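The values are calculated or read from the model by the stated rules, or taken from the named source; none is laboratory data. Here the structure is a predicted model, which means the values were calculated and not measured. Glycine also receives a Cβ, built like all others from the backbone with ideal geometry; neighbour counts cover every protein chain displayed.
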Amino acid sequence: MFLPTTPAEVRERGWQRLDIILVTGDSYIDSPHIGAAVIGRVLSNAGYRVGIIAQPDIRSDSDILRLGLPRLFWGITAGSVDSMVANYTALGKRRQKDDYTPGGENNRRPDRAVIAYANLIRRYAKSTVPIVLGGIEASLRRISHYDAWTNRIRRSILFDARADILVYGMGEQTVLALAAALDEQTDYRTLRGLCYIAPQPITDYLILPAHLTVAGDPQAFTQMFHVFYRNNDPVSASGLCQQQDTRWLVQNPPAFPPTTEELDAVYELPYTHAQHPFYETQGSVRALDTIRFALTTHRGCYGECHFCAIAVHQGRRVYGRSEGSLIREARRMAAHPQFKGIISDLGGPTANMYGFECAHKLEKGACPQKRCLYPKVCPHLPVDHGHLRRLMQKMRRIPGIRKIFVASGLRPDLIFADRKSGDLYLEELIRHHVSGQLKIAPEHSEPHVLARMGKPAIEACTLFRQRFYQITHAAGLDQFLSYYLMAAYPGCTQQDMQRLRHYTRTKLQAAPEQIQIFTPTPSTYGALMYHTEQDPFDDMPLFVEKDRRKKLRQKEEILPGRTPFKPVRKAWSRKKKN
Ligand code: SF4
């Protein structure tokens with residue numbers, strides 16, 4: 001049964017009033033892959049009366065008031081993607097399609113959805129209960145941040161939305177504790193994973209440079225970002241304070257990740273894996289094609305790629321579900337009337353990070369000056385693909401499951417770092433879990449661009465390709481590799497794209513079509529570099545392509561149909577010949 005989204009459903013339950021109303025920029029898709037559904041289910045499971053309003057009309061009160069006023073709080077999320085990323089391409093064009101909107105047309109999610117929904121509530125609800133922000137848009141915009149769409153540093157979204165509380169990261173634990181505190185009228189301001197507004201800074205918390213300072217000074221913004229980024233580990237992080245106007249943003253340390261049992265419980269709540277019928281009548285959502293029968297093994301990522309927001313939103317610590325929970329979910333999927341025998345993904349932010357973690361990180365927090373995978377896989381990370389192999393083998397034996405695909409991205413460097421099980425895993429993956437094509441994301445070939453992306457050297461990709469086709473041919477399979485590449489990343493020039501083109505044609509023997517132009521996602525190192533035009537790790541000036549036509553030209557350099565790139569001979573070698 002879905003959570004209520006219409007007054008009739010509230011009445012059917014015999015409820016006079018809801019405790020919490022969640023407002024989301026996605027359609028109401030009841031799936032463990034959708035944040036609003038997860039938060040709604042977790043709260044409901046704890047006994048709260050929760051309703052969900054999806055994609056409300058922001059020009060009238062017809063949607064926002066249809067469930068009445070909540071007793072405890074309003075919860076707002078922009079949805080699964082930052083609304084500006086969802087609404088605009090990297091070149092600033094309005095997107096036509098939205099996979100999370102009924103019918104697929106991008107006509108329901110307002111720009112800066114979190115702010116738009118908070119304004120909507122204040123305008124019509126005249127509510128006295130707190131407005132609580134959550135989800136990825138709020139999480140990435142919780143302190144002063146670079147906003148590529150206005151090309152300026154914006155203050156915390158908590159201030160711009162004029163909301164009361166912001167829950168950052170993966171928020172189940174924090175939201176539950178917050179609901180209890182509001183219900184019991186106790187002080188919520190000490191809860192982990194939460195930001196709020198205060199008249200003065202908090203003793204013992206680190207003071208970040210003020211918003212006004214970082215808005216006008218790229219060096220101060222860089223310093224602020226380093227401190228913000230390093231204080232993101234639940235074991236070692238300090239609380240942070242930043243003056244935004246006359247008031248202060250307070251960020252408490254991050255919430256501790258859930259235990260395996262707690263995470264299992266979140267994923268085993270009674271999701272219907274469908275769109276609520278109220279929205280289904282308006283059209284189907286494309287997102288369900290990929291998430292309805294997909295299994296999440298873990299959260300978090302060791303990678304910390306500088307263009308990606310996962311490290312800031314989900315954290316550097318990887319924590320997973322138990323084998324038993326995943327198998328139970330797979331069995332439930334197999335019994336679903338619409339299941340056709342195929343699990344579309346067994347993965348997480350990166351597929352092959354399940355089942356191992358660094359003991360030092362668990363005890364003392366992530367190293368502030370070192371990275372787990374860059375420039376090489378850290379010897380302290382006990383990489384072991386054995387757990388994943390066992391899981392895949394057990395899953396394949398479940399009656400009713402014909403195929404289990406791995407659609408999440410992979411880290412080839414981790415596979416090669418695992419001497420014991422890496423190649424066995426690869427063999428198993430390639431023989432049984434590829435849906436015709438397997439995607440990997442080298443992103444680039446040039447060492448200086450990869451270094452600024454925080455990505456490993458390209459050799460791991462070349463080696464992976466070689467091994468992939470060896471195993472594929474030996475197994476007599478007809479399947480291929482596809483590659484995600486990126487254009488116009490800070491530091492990348494047209495010549496770098498020519499070299500990337502040369503690499504793809506000669507070493508990969510492919511003409512990749514999946515090339516994205518870099519989007520400066522808020523609160524990433526990539527966005528910091530884009531804004532400051534400086535490498536934040538060595539303070540060296542950085543070329544950054546900001547001209548839209550030239551960004552497009554970088555992308556087009558790689559697309560099939562271009563004339564082959566001939567590397568320019570160096571002057572000295574010509575002289576030598578003469
Ligand atoms: S010791 Fe290595 S694996 Fe562990 S947190 Fe530090 S960099 Fe990461």
> Which ones in region 362-376 are more than 7 Å from the ligand (Cβ to nearest atom) and without any contact (Cβ under 8 Å) to a residue 60 or more places away in the chain?
Replying inline: 369
> Does residue 388 satisfy being on the phi < 0 side of the Ramachandran plot and out of contact with any helix residue (DSSP H, G or I) (no Cβ under 7 Å at 6 or more places or on another chain)?
Replying inline: no
>> Can you report the number of residues in region 344-355 which are surrounded by fewer than 20 Cβ atoms within 10 Å (Cβ to Cβ) and within 16 Å of the ligand (Cβ to nearest atom)?
In response: 0
> Looking at region 434-446, which of its residues are closer than 16 Å to residue 469 by Cβ and part of a loop (DSSP other than H, G, I, E, B)?
Replying inline: 434, 436
>> If the requirement is being free of Cβ contacts under 8 Å to residues at least 40 places away in the same chain, within 22 Å of residue 272 (Cα to Cα) and within 25 Å of the chain's Cα centre (by Cα), which of these qualifies: 26, 98?
In response: 98
> From the residues in region 536-566 that are touching a Lys or Arg at 6+ places or on another chain (Cβ under 9 Å) and part of a helix (DSSP H, G or I), which one is modelled with the lowest pLDDT?
Replying inline: 558
> Out of (1) crowded, with 20+ Cβ neighbours inside 10 Å; (2) not in a helix (DSSP H, G or I), what's the single condition that is false for residue 527?
Replying inline: (2)
> helices (runs of 4 or more DSSP H) wholly in region 379-432 with at least 2 residues that are within 16 Å of the ligand (Cβ to nearest atom) and crowded, with 19+ Cβ neighbours inside 10 Å - which ones?
Replying inline: 412-417
> For residue 301, are the conditions met, namely being in the same structural domain as residue 411 (by TED's automatic domain parsing), touching a residue at least 12 places away in the same chain (Cβ under 8 Å) and under 20 Å from residue 266 (Cα atoms)?
Replying inline: yes
> Of (1) touching a strand residue (DSSP E or B) at 6+ places or on another chain (Cβ under 7 Å); (2) closer than 28 Å to residue 292 by Cβ, residue 72 satisfies all except one. Which?
Replying inline: (2)
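Against the definition (farther than 16 Å from residue 83 by Cα, modelled with pLDDT of 95 or more and surrounded by 23 or more Cβ atoms within 10 Å (Cβ to Cβ)), how does residue 212 come out, yes or no?
On the way: farther than 16 Å from residue 83 by Cα: yes; modelled with pLDDT of 95 or more: yes; surrounded by 23 or more Cβ atoms within 10 Å (Cβ to Cβ): no.
So residue 212 does not fit the description; no.
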>> Exactly one of these conditions fails for residue 341: (1) within 16 Å of the ligand (Cβ to nearest atom); (2) at positive phi. Give me its number.
In response: (1)
